[in-house]
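Peer 1: Next up is a structure, given as structure tokens.
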Number of protein chains: 2
Amino acid sequence: MREVAKRSGVSLQSVSNVLNGRTSQMREETRLRILQSIRDLNYQPNVQARGLRLQCTKTMAFLTIDPAVRFLSDPFHVAILSGMVDTLRQQDYGLLVQGFHPDQAGGGFRRLVHQRRFDGAVVHLSGSPDRRSEHIEELKSTGCPFVLIEDRAEASTAACVLADNRGGAAAAVALLQAEGHQQIGFLATDRLWPAVEKRITGYEEAIRTSGGRWSQVWGVDRETVEGARSRVEAILRDDPAVTAILCANDVLAVGAIQAAKQLGRKVPTSLSIIGFGDNDIAQHLDPPLTTVALPGVEMGGRAAELLLAYIQNGKFDAPEVVFPTKLIRRGSA
Amino acid sequence: MREVAKRSGVSLQSVSNVLNGRTSQMREETRLRILQSIRDLNYQPNVQARGLRLQCTKTMAFLTIDPAVRFLSDPFHVAILSGMVDTLRQQDYGLLVQGFHPDQAGGGFRRLVHQRRFDGAVVHLSGSPDRRSEHIEELKSTGCPFVLIEDRAEASTAACVLADNRGGAAAAVALLQAEGHQQIGFLATDRLWPAVEKRITGYEEAIRTSGGRWSQVWGVDRETVEGARSRVEAILRDDPAVTAILCANDVLAVGAIQAAKQLGRKVPTSLSIIGFGDNDIAQHLDPPLTTVALPGVEMGGRAAELLLAYIQNGKFDAPEVVFPTKLIRRGSA
DNA sequence: GTGAAAGCGCTAACAA
DNA sequence: TTGTTAGCGCTTTCAC
């Protein structure tokens, strides 16, 4: 910057003014001269120095708590990130990605915030509601603005972006009941994600309010296709009267389909399966997966927008944004 | 930090010394007192200020050129990122993610580097070899260390991480020829990724050296399942004598399988299909996809390690790291 | 062993 | 309209 000033024969301040658009009371000629020097020297302001002064980083973070080292293998996370990237790149904001192991998450958030690595964060928590509350309190106490995905927080520095998981689960149950299913089970992940909790709630409510007599939630310890397959095989052997399974996500649904094949149960005639997520794979399975679509990309994009607006105006446009979910009927139910 | 110093009754300097391990000539007692204050105050050094002084950011970047806004939907990118995240989080390094549109990439790299947002970058380029060379020159000229994925660069500030794509393609061709196939085609993406180029080269070499008479490379403009499906349908209608297709990636292979089904050609008996990547979906397709596995996670991890070592020692441990690929035989060939 | 002073690159407040 | 000064939080050099 000093170079630019020297080259244009002006002070550092004037250069700074041009860069920040404070150009109202400056001679057009000077402005152009400075602009030219900037271009000649290929100058770019140092975000670090600028940030130190302005107390901002031009960076947004995506934080999650996931026991899996490869937390990016969760397609929902990737969708959120894609949405964020898209919004942020238009504003010259960078995206910092960080996943925490459940055990380290405690001090982890606080540490990162104190390091001043970002101006705001989109956060996707997991764990028991109590644990999550603790984390939310911790985030609040940092003063750093954040947007929760699929979770709620009462705070002026927080907002949340949710999908209508309960509605989605209810729609899925309704479809299955309309097809005459009496024993509809729910295959859940052991790790508690807030969205999964809501899907379970939606499922149970739907069964109850429709006068259904039978409901059952099973857990899968390994959240993989293999894990789901072996679990579902055991379930079906145990209780062959189960005719429909609503799965907490599409990956589990893939495992469920495999289990059905393994046991010689035709999908959907002998066993109906519905997933959650509408991942890329869903429509290419055999049979194509009936699933509740989640607008992950849109959610990530909106979360980033909310954060950006907070940084500009000091408050959130909306404390809460709810996205609809949509049951996509294909061949598995 | 000022707080910590005051609380411990020492100078800022001493606190800084403790934080940076320059503790050799300091009374143990003082050291412990400072450490305690740090803990009491929950102090974390401000990476921004520290970085400004030290000219480093404790952040690494992943940069790619991908026309798709959702460049993260490429499973290979996600794998690279996963590997990087894993390595970086152990070193308290952050990960910055940025995708460029081919048209903006030109100045984009330079801009980011000049902004001093990161200490090094893992870069996955695409485009024609000439274009890529330009970008590599630009990266070199910034002086910022970088590791190329699937591409080469001669520079002291650069290293590269490659997979044996040629070998993988050759193995795939060998398998198909051993099964008696005479007309093996290659389904490529229109967008030129260096890895795809190498797969094509490997394919053509293998056909030639084995005395094969027929070879053909088709391009797919839309890199989606749909795009591949319609392209392959046209291809097969045009020349039904084609009995095997080697696809540039697994997504295209999914489309090819669908096309085969559409035309009533059984896979693998009437049409053999091999993919590249071994994505999560591959083994859950019907039939399970025979594919050349790429160690994306390992490559990303190694790339980050190389960069980290460069930052410490001022030079790369190795100018080039090559990973093997592995043909995984399943049901589609 | 510890403290004081300078400066990384930038911007806000004030002075000219 | 433009230039000067101070300071963001940290580390480094040098003096004590």
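Peer 1: Of the residues that make up the range B:94-112, is at least one at positive phi and at pLDDT 90 or above?
Peer 2: No: zero hits.
Peer 1: Listed residues B:Arg7, B:Arg53; which is farther than 30 Å from B:Arg191 by Cα, in a helix (DSSP H, G or I) and away from DNA strand C (no atom under 11 Å from the Cβ)?
Peer 2: Exactly one residue qualifies, and that residue is B:Arg7.
Peer 1: On the basis of being among the polar types (S, T, N, Q) and either surrounded by fewer than 20 Cβ atoms within 10 Å (Cβ to Cβ) or within 14 Å of chain A (Cβ to nearest Cβ) (or both), does B:Ser133 make the cut?
Peer 2: yes
Peer 1: What residue, of A:Gly275, A:Gly264, is away from chain B (no Cβ under 14 Å), free of Cβ contacts under 8 Å to residues at least 60 places away in the same chain, small (Gly, Ala, Ser) and not in a helix (DSSP H, G or I)?
Peer 2: Testing whether each residue is away from chain B (no Cβ under 14 Å), free of Cβ contacts under 8 Å to residues at least 60 places away in the same chain, small (Gly, Ala, Ser) and not in a helix (DSSP H, G or I) leaves just A:Gly264.
Peer 1: What number of residues in the range A:10-28 are near DNA strand D (Cβ under 7 Å from one of its atoms), surrounded by fewer than 11 Cβ atoms within 10 Å (Cβ to Cβ) and outside any loop (DSSP other than H, G, I, E, B)?
Peer 2: Counting residues in the range A:10-28 that are near DNA strand D (Cβ under 7 Å from one of its atoms), surrounded by fewer than 11 Cβ atoms within 10 Å (Cβ to Cβ) and outside any loop (DSSP other than H, G, I, E, B) gives 1.
Peer 1: Which residue is farthest from the other protein chains (Cβ to nearest Cβ), if the candidates are limited to the range B:143-154 and must be surrounded by fewer than 17 Cβ atoms within 10 Å (Cβ to Cβ) and touching a residue at least 12 places away in the same chain (Cβ under 8 Å)?
Peer 2: Going through the qualifying residues, I end up with B:Arg152.
Peer 1: Scan the range A:52-85 residue by residue and report those that are away from DNA strand D (no atom under 16 Å from the Cβ), facing chain B (nearest Cβ under 9 Å) and surrounded by fewer than 20 Cβ atoms within 10 Å (Cβ to Cβ).
Peer 2: A:Val69, A:Arg70, A:Ser73, listed by residue number.
To keep it simple, each residue is scored yes or no on (1) at pLDDT 95 or above; (2) among the hydroxyl-bearing types (Ser, Thr, Tyr).
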site: A:Thr142; (1), (2): no, yes
site: A:Ala159; (1), (2): yes, no
site: A:Gly168; (1), (2): yes, no
site: A:Leu175; (1), (2): yes, no
site: A:Ala178; (1), (2): yes, no
site: A:Gln183; (1), (2): yes, no
site: A:Phe186; (1), (2): yes, no
site: A:Arg213; (1), (2): no, no
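Peer 1: Among the numbered criteria (1) surrounded by 22 or more Cβ atoms within 10 Å (Cβ to Cβ); (2) more than 8 Å from every other protein chain (Cβ to nearest Cβ); (3) more than 16 Å from DNA strand C (Cβ to nearest atom), which one does A:Ile34 miss?
Peer 2: Every listed condition holds for A:Ile34 apart from (3).
Peer 1: Can you list residue pairs whose Cβ atoms sit under 6 Å apart, with the first residue in the range A:4-17 being over 19 Å from A:Asn42 (Cβ atoms) and the second being more than 12 Å from DNA strand C (Cβ to nearest atom)? Count only pairs 6 or more apart in sequence or on different chains.
Peer 2: none
Peer 1: Only one residue in A:Glu305, A:Glu320 is surrounded by fewer than 24 Cβ atoms within 10 Å (Cβ to Cβ), in contact with a helix residue (DSSP H, G or I) (Cβ under 8 Å, 6 or more places away or on another chain) and away from chain B (no Cβ under 14 Å), so which one is that?
Peer 2: Going through A:Glu305, A:Glu320 in turn, just one is surrounded by fewer than 24 Cβ atoms within 10 Å (Cβ to Cβ), in contact with a helix residue (DSSP H, G or I) (Cβ under 8 Å, 6 or more places away or on another chain) and away from chain B (no Cβ under 14 Å): A:Glu305.
Peer 1: Of everything in the range B:236-266, what is touching a strand residue (DSSP E or B) at 6+ places or on another chain (Cβ under 9 Å) and surrounded by fewer than 19 Cβ atoms within 10 Å (Cβ to Cβ)? Give them in sequence order.
Peer 2: Residue satisfying the conditions is B:Asp239 alone.
Peer 1: Run down B:Gly120, B:Gly108 and say which single residue is in contact with a strand residue (DSSP E or B) (Cβ under 9 Å, 6 or more places away or on another chain) and away from chain A (no Cβ under 14 Å).
Peer 2: Answer to the selection: B:Gly120.
Peer 1: Given the conditions (1) surrounded by 16 or more Cβ atoms within 10 Å (Cβ to Cβ); (2) more than 7 Å from DNA strand D (Cβ to nearest atom), report the number of the one that A:Asn42 does not fulfil.
Peer 2: A:Asn42 satisfies all of (1) surrounded by 16 or more Cβ atoms within 10 Å (Cβ to Cβ); (2) more than 7 Å from DNA strand D (Cβ to nearest atom) except (1).
Peer 1: Further question: Taking the range A:86-103, which residues are within 9 Å of chain B (Cβ to nearest Cβ) and of a type in the set (S, T, N, Q)?
Peer 2: Within the range A:86-103, A:Gln98 is the sole residue that qualifies.
The values are calculated or read from the model by the stated rules, or taken from the named source; none is laboratory data. It should be emphasised that the depicted structure is a prediction, and the values quoted were computed from it without experimental measurement. Positions of Cβ are backbone-derived with ideal geometry, glycine not excepted, and every protein chain shown enters the neighbour counts.
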